[in-house]
Amino acid sequence: NPSLFSGLTAMEKKLAEYKCNTNEAIHLKLVRFPEDLEDDNTTFNPEYSHQVFGDDEVAFGYKGLKILLYYIAGNLSTLFRTEYASKVNDRFDCVEADDVESKIREIIPPGFCTNTDDFVSLLEKEVNFKPFGMLLHTYSIHNEEAGEDITYQIYKADMTCPGFREYHERLQTFLMWFIETASFIDVDDERWNYFLVFEKYNKDGATLFATVGYMTVYNYYVYPDKTRPRVSQMLILPPFQGEGHGAQLLETVHRYYMSSPTVLDITAEDPSENYVKLRDFVLVKLCQDLLCFSPVKLMQGFSQEMVTEAQQKLKINKQHTRRVYEILRLRATNMGDAEQSRSYRLDVKRRLIGPYKKKQRELAKMRRCLRPEEMTNQLNQIDLNLQREQLEESFQQLVSDYRRVLERLAQA
């Protein structure tokens, strides 16, 4: 649109050419072989960079900016370099380029390489890298591309493992790029548990380990003698996403805590939509064989027995057990049968309406102070219709989420 730009001075146009989208400028890699460095297929980009570069996710002052952050696949030794075609200079009347380097240095620990040769020589030592901590679970996944089964292992680690503190500092930098509201944790607090996923791979006849993802869990104290582990952060690195590692990790963590008599149940801090879907799948998979979730009992409604059994045997808390019940009851319900379908709908909506009713009571209280009686009634009427619509919408959304969980379960 020419009229839009006519107001811009030549200077401003020129400056606009010096803006780079930081999500595109940042090139991440997990390197196993020297040839990975030149291979664009091994590169991936951040989903977010606003926590480092501000809400616009823009770096100013460069043309063709590339921010290289390459990690050795296992121990995550880092190469950090910036490249660009050109940079603004003094001709531009006191305009200064952003100090990209120092912004990145704020989140990556010191001790990184700045040139490729040093990085490649570190790569040769990677054969000595071994996972940290205690092995909890081994599983394999068939890889179409490689035409073979690949083996993965999940470990539980803590800060007493030699080298783990430094490794974790490098690992957590990925949170900034893939979790919208990431924060680094206080590793000196001993109540943190760390669960790590590694892939085993071969290189020149040796077995090496590559980092796939991890989860941090905080053990809250519950009076008088229990703990309530709370999942804080969970990340499967992008090259491994969509392969089922998140489900393996979460199930392994549940099984780890299940064996502990002092653990009450497991919760999560501010879970994302994707995490909730993952958790639904894992918890339903764990619960489906419990007697309290038999089709007959599901049809009788949500019960204290379900709450108790899921908590005692599987460390699942009440709120999550309720979702599990709704998903399993959907599976046991013939939605084509008017009576069964109506009964299911009412049961779920009764739970959904809880928050609305509370809001209703608060509104009514407010309005009594503010408005004449007849007006309140009219407003409540409008509210109820709106509420019915919203309720129906929430219900439909839930059922479609639940069906996805059941589809995934059927394939598992």
Percent of all Cα-Cα pairs per 10 Å bin for the range 153-209, counting from 0 up to the last occupied bin, reads 18, 44, 30, 8, 0
In degrees, nearest 10, the alpha-carbon axis of helix 338-370 is tilted away from the dominant principal axis of the alpha carbons of the chain by 80
Once the mean of 1/r over all distinct C-alpha pairs in the range 107-253 is inverted, the Kirkwood radius in Å reads 16.8
On the formula 1/(1 + (r/R0)^6), with r taken between the Cβ atoms of D56 and A332 and R0 of 45 Å, the FRET efficiency rounded to 0.05 is 0.35
The answer for the chain, accessible area per residue at 1.4 Å probe in Å², is 54
Distance in nm between D149 and K13 label points, each 7 Å along Cα→Cβ, equals 6.4
Within the range 223-242, the residues whose backbone N lies under 12 Å from a label point placed 7 Å from the Cα of T308 along the Cα-to-Cβ direction are none
P(r) of the range 277-327 over all Cα-Cα pairs, 5 Å bins starting at 0, rounded to whole percent, reads 4, 24, 40, 23, 8, 0
Counting Lys and Arg as +1 and Asp and Glu as -1 over every other residue whose Cβ sits under 14 Å from the Cβ of T227, the net charge comes to +1
Along the range 401-411, Karplus-curve 3J(HN,Hα) (6.51, -1.76, 1.60; θ = phi - 60°) to the nearest Hz, with x for Gly and Pro, reads 4, 4, 5, 5, 4, 5, 5, 5, 5, 5, 8
Percent relative contact order for the chain, counting Cα pairs under 8 Å at least six residues apart, stands at 9
Sorted on mean Cβ neighbours within 10 Å (highest first), peptides 317-327, 13-23 come out as 317-327, 13-23
Interchain or sequence-distant (5+) residues whose placed amide H lies within less than 5 Å of the amide H of V222 are T227, R228
Once the dipole of the chain is set up from charges on Cβ (+1 Lys and Arg, -1 Asp and Glu), the residue from the list I150, F178, G354 lying farthest towards its positive end is G354
Mean 1/r over distinct Cα pairs of the range 227-370, inverted to a Kirkwood Rh in Å, yields 17.2
Measuring from the longest principal axis of the C-alpha atoms of the chain, the long axis of helix 318-332 (C-alpha) lies at a number of degrees, nearest 10, equal to 70
Summing -39500 (n - 2.57) over every DSSP H run of at least 4 residues in the chain and dividing by its residue count gives a helix-only mean residue ellipticity at 222 nm, to the nearest 500 deg cm²/dmol, of -13500 deg cm²/dmol
GNM of the chain, Cα pairs under 10 angstrom: of V253, V222, V120, the biggest fluctuation goes to V222
Residue span T207 to T116: 0.36 nm per residue of separation minus Cα-Cα distance leaves a gain in nm of 30.4 nm
Helix 245-258: inclination vs the chain longest Cα principal axis, degrees, rounded to 10, gives 60
If the label point sits 7 Å along Cα→Cβ of R351, residues of the range 272-288 with amide N under 16 Å come out as 276-288
hull vol. (C-alpha, convex hull) per residue for the range 17-126, Å³ -> 116
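Rounded to the nearest 0.05, what FRET efficiency is calculated for E35 and R322 with R0 set to 51 Å and r the Cβ-Cβ distance?
The formula returns an efficiency of 0.50 here.
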XL table K29/K66; K226/K277; K130/K156; K19/K87; K103/K125; Cα-Cα > 20 Å flagged, in table order, is K226/K277; K103/K125
Pseudo-spin-label distance M159 to E47, built 7 Å along Cα→Cβ, given in nm, is 2.8
Across L328, L290, L384, the residue with the highest GNM fluctuation in the chain (Cα network, 10 Å cutoff) is L384
Taking only the alpha-carbon positions of the chain as identical scatterers, the Debye log10 I(q)/I(0) at q = 0.06, 0.10, 0.13 Å⁻¹ comes out as -0.36, -0.88, -1.16
Simple spin-label estimate for Q396/Y139, 7 Å along Cα→Cβ, in nm, reads 3.4
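The values are calculated or read from the model by the stated rules, or taken from the named source; none is laboratory data. Every value quoted in this text rests on a predicted model; they were computed, and no experiment measured them. A quick note on method: Cβ atoms are made from the backbone with ideal geometry, for glycine too, and the neighbour counts reach across all protein chains shown. Note: accessible area is taken over every heavy atom of the protein model, side chains too, but ligands, DNA and RNA are not part of it. Shrake-Rupley method; radii C 1.70, N 1.55, O 1.52, S 1.80 Å.
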